[in-house]
Structure formats: structure tokens, C-alpha cells
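Participant: Got a structure for you, written out below as C-alpha cells; questions coming shortly.
The values are calculated or read from the model by the stated rules, or taken from the named source; none is laboratory data. None of the values given here were measured: they were computed from a predicted structure. When we count neighbours, we look across all protein chains shown, and the Cβ atoms used for this are built from the backbone with ideal geometry, even at glycine.
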Ligand SMILES: Nc1ncnc2c1ncn2[C@@H]1O[C@H](COP(=O)(O)OP(=O)(O)O)[C@@H](O)[C@H]1O
Ligand SMILES: [Mg+2]
């Protein structure tokens, strides 16, 4: 049996989860191949499952990526999950369903439309790895960024900068087949702006953590809404940040191509390999 791990050049060389997954699957007697989703020569009909991994360049070509996903016979997560999850407008659906989401204002064009905040984060709704995302202290800068995104045909999101991220980071809760696997804390990604503007930092600090009951509750409520929508993701990452009153807010639900931080959690690669094989059997 062959399992394909879908990646993209050159991300397969920096995806820290891939080698552990290859290893764990091979210990189950499964051969793995790493293929690029955007390689027109790649075949996908000779594999039992294709697992979406570091396809991080899809953000410039979302429709092509989704067309590829719809063509692939045994894809995890499935194409319907990817279609919903590759545009952060899914946060609106989750907020409508009662989830505590980081307050988000859409397609802001004037300073009057900004939420009350000391600083703002502006980002496009189709993004990954903090691309085109920035943190602003001046209302005019936030609005200019939001307008520039819209003028480029993108959906713009404006959020208050959640201050606890600077000291506490964000908590990423990783679930395999709906069961909690492990959690990590990721440090802040956005530097305070300067007169010259802001570029997201690329450095990422990651440490394993033992989450509190509030993290589990928040993450499991999000997964409950996915189930209500008929979605059954093989893997899920729920990124949470704490607001000023201590509530856990959803920053991001990653059902597409999340880093799963497998090197930070003993046994996690093995659990994922097991789950992949269960999906083949099912
Ligand atoms: N509202 C916010 N408050 C504080 N930090 C934020 C906020 N939005 C984004 N960030 C920072 O920017 C990073 C990237 O934003 P995120 O929404 O996770 O998008 P993506 O990871 O898809 O690029 C986060 O990991 C976090 O460090
Ligand atoms: Mg993120």
C-alpha cells in the first residue's frame, strides 16, 4: 500500500512533520511518496490515501488547489472541508454558531468602521504563514492596508490586536479523528509597527504545553460545530488566544495544511499514521 503526502516545492524540505510521518507510516509497513500538488505530472490514482500536508503555496492559487482536491480520489482532509476552510470567512459561520471568535470586521474602508482597539491586525481572508498580515497602531495605516487588500480583489479582515499574544502566545490544540492528541504554545508572530510599516517576523517559537480545561472546552465546541456541519476531519488544529477577561477565543481553525508540530509530541506521528490506516480500512 502507498500513502501520498501532498506538499509543494520547496516546502517539503522545511516541513518538520513530514519525516516523522514517513517514519511512522513505514513502521506500519506502508510506503510513502511525497508529491507536489501542483505538479501536473504527478499521479494520484496509485495510492490508497493522499494526505494534504505542506501545500503552503495554495494561497495564490486557491481555485486551482480546490480543483486539484476535487479530482483526487482518496483525499484527507476531504475537498469539501478544504473548500470551507481555505477562506477565513469560515470564522463568520463559527461565530454565527455561537463560537467565541476573535472579533473580526470585514472589508473595512474607513476609520469609523474600525473596532475600538489600541492596535489592529489586518490580514487577507485567504492566507497562511502570516502572509500579507500586519499589526498597526495608527488607524489610517490599518485602513490603508485593508483597502489595499480589497483593491487587489481580496477579502480584508481587521481584528483588535489581542495583547496577551505578546506575553503568552497562542495555544494550538491538535486533534486526530476528533480526539485530542497534543498542544503547543506558539510565540507572537507580528512585531509592533514602526513608521516604515510592519513585516511579520518569520521566527517561530514553539513549546509543548499541557492545556487547561478552558482550552479543551473551546476546541471541542469548535469541533462540535464541524460535526454539526457534517464534516469529519482526520486532523484538526484549533488556535486559541486569551482575551482581557480570560476567555479563550478562536483565532484560526486549521483543517487544510496545518503544521501539526509532531516533533513536539511523543507518539503523535504514530497516532496519525494509525488514523490514516483506519481511514483506508473504512
Ligand atoms: N487579532 C490578533 N491578535 C494578535 N495576534 C494576531 C492576531 N491575528 C493574527 N495574529 C498573529 O499573526 C499570526 C498569523 O495570523 P493567523 O490569523 O493565525 O493567520 P495565518 O496563520 O493563517 O497566517 C498569528 O499566529 C498571531 O501571532
Ligand atoms: Mg495561524
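Participant: Are any of the residues in region 236-259 at pLDDT 95 or above, away from ligand 2 (no atom under 16 Å from the Cβ), surrounded by 15 or more Cβ atoms within 10 Å (Cβ to Cβ) and within 19 Å of residue 169 (Cβ to Cβ)?
Facilitator: Yes.
Participant: For region 118-168, give me each residue that is near ligand 1 (Cβ under 9 Å from one of its atoms) and farther than 30 Å from residue 83 by Cβ.
Facilitator: 119, 163, 164, 166
Participant: Limited to region 13-33, what total is found for residues that are in contact with a strand residue (DSSP E or B) (Cβ under 8 Å, 6 or more places away or on another chain) and surrounded by fewer than 18 Cβ atoms within 10 Å (Cβ to Cβ)?
Facilitator: Qualifying residue count for the region: 3.
Participant: So, in region 129-168, exactly how many residues are in contact (Cβ under 8 Å) with a residue 60 or more places away in the chain and either buried (at least 19 other Cβ atoms within 10 Å of the Cβ) or in a helix (DSSP H, G or I) (or both)?
Facilitator: Residues that pass the stated criteria total 9.
Participant: Could you go through region 211-234 and let me know if any residue there is modelled with pLDDT of 95 or more, within 21 Å of residue 75 (Cβ to Cβ), in contact with a strand residue (DSSP E or B) (Cβ under 6 Å, 6 or more places away or on another chain) and in the same structural domain as residue 181 (by TED's automatic domain parsing).
Facilitator: Within region 211-234 (the criterion being modelled with pLDDT of 95 or more, within 21 Å of residue 75 (Cβ to Cβ), in contact with a strand residue (DSSP E or B) (Cβ under 6 Å, 6 or more places away or on another chain) and in the same structural domain as residue 181 (by TED's automatic domain parsing)), the answer is yes, since at least one residue qualifies.
Participant: Let me ask something additional. What number goes with the only condition from (1) outside any loop (DSSP other than H, G, I, E, B); (2) over 28 Å from residue 3 (Cα atoms) that residue 226 does not pass?
Facilitator: Here residue 226 meets the rest and fails (2).
Participant: Filter region 93-107 for residues that are part of a helix (DSSP H, G or I) and surrounded by 15 or more Cβ atoms within 10 Å (Cβ to Cβ); which is nearest to ligand 2 (Cβ to nearest atom)?
Facilitator: Within region 93-107, the match that is nearest to ligand 2 (Cβ to nearest atom) is 94.
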